[in-house]
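Step one of this worksheet: look at the structure below.
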Amino acid sequence: MSTSSSSPVSAGLASPPLDVERIRADFPFLATGVAYLDSANTSQRPLPVLAAMDAYHTQFNANIHRGAYKASEQATERYEATRETVRRFLNARSRREIIYTRGTTEGINLVAYSWARRNLLPGDLIVLTIMEHHSNLVPWQLVAEATGARIEYVDIDEGGELRQDQYRALLQQEPKLVAFSQVSNTLGTINPYREMTAAAKAVGAVVLIDGAQGAPHLGVDVQATGCDFYAFSGHKICGPTGAGILYGRRELLEAMPPFMGGGDMIKTVSTTGTTYAPLPEKFEAGTQAIAQVIGLGTAIDYVSEIGLGAIHEHEQQLTEYALEAMSEIDGLRLFGPPAQRRSGVISFDLAGVHPHDVATILDRHGVAVRAGHNCTQPLMRRLDVPAVARASFYLYTTRDEVDRLLVALRDAQRIFA
Amino acid sequence: MVDDQFYREYILDHYKNPRNFGRLEQPDVSHEELNPLCGDVIGMDFRLAEGKIEDVRFHGRGCAISQASASLLTERLKGMPLEEARKISKEEVLEELGIEISPARIKCALLSLKVLKVGAYGLAEGEFEEDEDDS
């Protein structure tokens, strides 16, 4: 299976290594000494992001698109600047295709409500995958319930990669919608999203990519990929919580009704009806998370300046190192594909020690990992485990922190021996 | 190295050798509850006689905290009058565990008590949750 061509950062050009110590100095949380291995859950935020939000609050705190005074103009300018930053980051054609949301979940729900409920009919097929996060499952189950559409799930193979043969077979049934994650939040699998998108477009499906785990580590070129929708969250890419992005192809967005009604999304309102604002405001009702959107723009600038290629390479080296060392621990079961085809995410099960107990012991060693079903219950059932523990890496993660994880895991084994 | 204070010997003992683990044939009451945090399930079977819990077994898989808590609870329940079992409080269960439970793990520690309260008394799930928030 060819997966390498999907990744815009694995073009074979070696990036200069990250100056991790310099990067770490930008992240105040890391000074707590905690080995933070939960970035797939939420990332830490660097000083420039905090400063950008602080500047808004202290220097030009005002609402946007309304006030005819300087602070409001400045706030509007900074808020809208993020849109151009995101447009460039995704290589979208137009800033009108960039919709601010609270995060990936809201972006997917927007599509589920405004597009899917209008366009799907009883019996229509939605193709999802067994590795999806609940945020890319539940909205479609609600859609299926409301429209009578049916859902099929692409399975994984034993290595934790999507069964492309099964995917192609499902495409033969001409689904109306295909939705899948760029990167699995539990397995770390980097899906061949470009090939999968091209194949789905070839049979006329609308394609949504959940970029929650992809955007922060690989990025995406939405034009080259050819997807119709791409959703991601700010808080996993060094930005704050409460701000995320939905990219949508303009033709589709233009034809869709608003998701929420309210202020800022209208052109005119009378007692008999309303005309809507043009894109993107049509989808941005009410006062937005202004500071957070400004912070998100700064975060994307921050990450882009360091370079996603270098970040990805750093994560892969750590992942390779960690996978090898963890495979030497007796009774430790690793999930997911080899390092070359995965992001910096390692889910595992330690024989005889429940993931929650693993996480508690690790916590007492100052190592922060996620434990639980990772909002992927169907995948847990598929893997036949109630839960897993998950360590995940980002640009600031060090080999030393991985070593601390290894020591703590051996201690967990000792305690439960 | 650091955890002997938390995962004490008797907690691990109850985890590895759970008391009253398994199923009862033809129980009078049988009930399961899910810990939504991790997907762990604990179920209990009860045989009742003359207003007492004559026998009890628990089943399901989970972390050391939820398993030890269930094991300790069943030990205590055997032969106990229903009226008394009804009054077992969350505080008592936590005290019996004898370790400091973080907020993140409190649902693990109280899962078996929830099975008892919701199952044996038909207490609505919401009632227990609400109750839980008060503690």
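Only the coordinates and a few stated rules stand behind these numbers; no lab work does. All values derive from a computational prediction rather than experimental measurement. So basically every Cβ, Gly included, is an ideal-geometry build from the backbone, and we count neighbours across all protein chains shown.
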Ranked on Cβ counts within 10 Å of their own Cβ, fewest leading, A:HIS235, A:HIS57 go A:HIS57, A:HIS235
In the stretch A:48-305, taking the dipole from +1 charges on Lys and Arg beta carbons and -1 charges on Asp and Glu beta carbons about the Cα centre, the listed residue (A:GLY244, A:GLN213, A:GLY263) farthest towards the positive end is A:GLY263
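With charges only on Cβ, +1 for K and R and -1 for D and E, what is the dipole size of chain A about its Cα centre, in debye, rounded to 20?
In debye, rounded to 20, chain A gives about 980.
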Given Cβ charges of +1 for Lys and Arg and -1 for Asp and Glu, the option among A:ALA339, A:GLY297, A:ALA359 whose Cα lies farthest towards the positive end of the dipole of the protein assembly as shown is A:GLY297
Under 16 Å by backbone N from the virtual spin label 7 Å along Cα-to-Cβ at A:VAL407, the residues of the stretch A:348-362 are A:361-362
Calc'd 3J(HN,Hα), the stretch A:41-54, phi into Karplus 6.51 cos²θ - 1.76 cosθ + 1.60 (θ = phi - 60°), Hz, glycine/Pro = x, comes to 7, 8, 7, 7, 10, x, 3, x, 5, 5, 5, 5, 6, 5
Here the stretch A:160-176 yields Karplus 3J(HN,Hα) values (6.51, -1.76, 1.60; θ = phi - 60°; whole Hz; Gly and Pro given as x) of x, 10, 5, 7, 5, 4, 5, 4, 4, 5, 5, 5, 4, 7, 6, x, 7
For chain B, the longest principal axis of the Cα atoms and the Cα long axis of helix B:64-77 enclose an angle in degrees, to the nearest 10, of 40
Under the rule rounded for a/c under 1.5, else prolate if a/b exceeds b/c, else oblate, using alpha carbon gyration tensor axes a ≥ b ≥ c, chain A is classed as oblate
Note, the stretch A:327-338: 3J(HN,Hα) by Karplus (6.51, -1.76, 1.60, θ = phi - 60°), whole Hz, Gly/Pro = x, goes 5, 8, 8, 4, x, 9, 9, 9, 10, x, x, x
Taking a crude spin-label model, label points 7 Å out from Cα along the C-beta direction, the A:LEU252 to B:ASP13 distance in nm is 6.1
For A:VAL206, the residues 5 or more places away or on another chain with a placed amide H closer than 5 Å to its own amide H are A:LEU177, A:VAL178
The simple spin-label model distance between B:GLU75 and A:GLU174, using points 7 Å out along Cα→Cβ, in nm, is 6.6
In the structure shown, of B:LYS52/B:LYS78; B:LYS52/B:LYS117; B:LYS87/B:LYS117; A:LYS70/A:LYS282; B:LYS90/B:LYS117; A:LYS201/A:LYS282, the pairs separated by more than 18 angstrom at the C-alpha atoms are A:LYS70/A:LYS282; A:LYS201/A:LYS282
The residues B:ILE99, B:ILE53, A:ILE294, sorted from fewest to most surrounding Cβ atoms within 10 Å, come out as B:ILE99, B:ILE53, A:ILE294
With a ≥ b ≥ c from the Cα gyration tensor eigenvalues, square-rooted, and the rule rounded for a/c under 1.5, otherwise prolate when a/b > b/c and oblate otherwise, the stretch A:224-281 is oblate
Counting only DSSP beta bridges fully inside the protein assembly as shown, the antiparallel percentage to nearest 5 is 70
Rounded to one decimal in nm, the spacing of the 7 Å Cα→Cβ label points at A:ALA146 and A:SER270 is 2.9
Non-local residues with an amide H under 5 Å from the amide H of A:GLY244, with H modelled 1.01 Å from N and Pro and chain starts lacking one, are A:THR101, A:ARG102, A:GLY103, A:GLY234
